[in-house]
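Each reported figure results from applying straightforward, stated rules to the coordinates on display, with no laboratory input. Owing to the predicted nature of the structure, the values given are computational and were not obtained by experimental measurement. Here Cβ is always computed from backbone atoms with ideal geometry, including for glycine, and neighbour counts include all displayed protein chains.
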Amino acid sequence: MQPLHRWIVGMAMAAAVLGQQVSAQTARSGSNAGAQLYEQLQQLASERTSLQAENEKLKNELAQAQKDRDALKAGQQAIERRAHRAARNVKPASRSSGSTRPGCRS
C-alpha cells in the first residue's frame, strides 16, 4: 500500500471515529461537523486523484528524458569510436627536404 493511500485510509478511519463522537455533540450544538468531515474527505480524494495524474505525467516525462539521454550517449559513443578509428588510420606525414606547400621557396 502506498504511503499516500495509507494516509488517506487513516484519515478516513479517523474521520469515521471522530464523526461518531462529533455526531453526539452535533445534536446539542447544531453544527454540521459530519458534513464538513465528509467534504474534507472528498477533497482529499480529489487531491489524491490529481496528484496521481501529475505523478503519472512526471513518470512519462522522466521516461522520455531517459530515452533521450540514452540516445545522446549512444551517439556520443559512436562519434568517439569513429574518432579513435580515424586517429589510428592517420599516417604521420614524412618530412622531406623540399617543401611542397605553395608559396614556399627553397
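Within segment 50-93, the set of residues being within 26 Å of residue 5 (Cβ to Cβ) and either in contact with a strand residue (DSSP E or B) (Cβ under 9 Å, 6 or more places away or on another chain) or acidic (Asp, Glu) (or both) comprises 54, 56, 61. Can you say whether residue 76 is in a helix (DSSP H, G or I) and more than 19 Å from the chain's Cα centre (by Cα), as far as the supplied structure shows? For residue 76, the condition - in a helix (DSSP H, G or I) and more than 19 Å from the chain's Cα centre (by Cα) - is met.
From the list 83, 53, 71, 87, the lone residue that is within 22 Å of the chain's Cα centre (by Cα), more than 30 Å from residue 15 (Cβ to Cβ) and not β-branched (Val, Ile, Thr) is 71.
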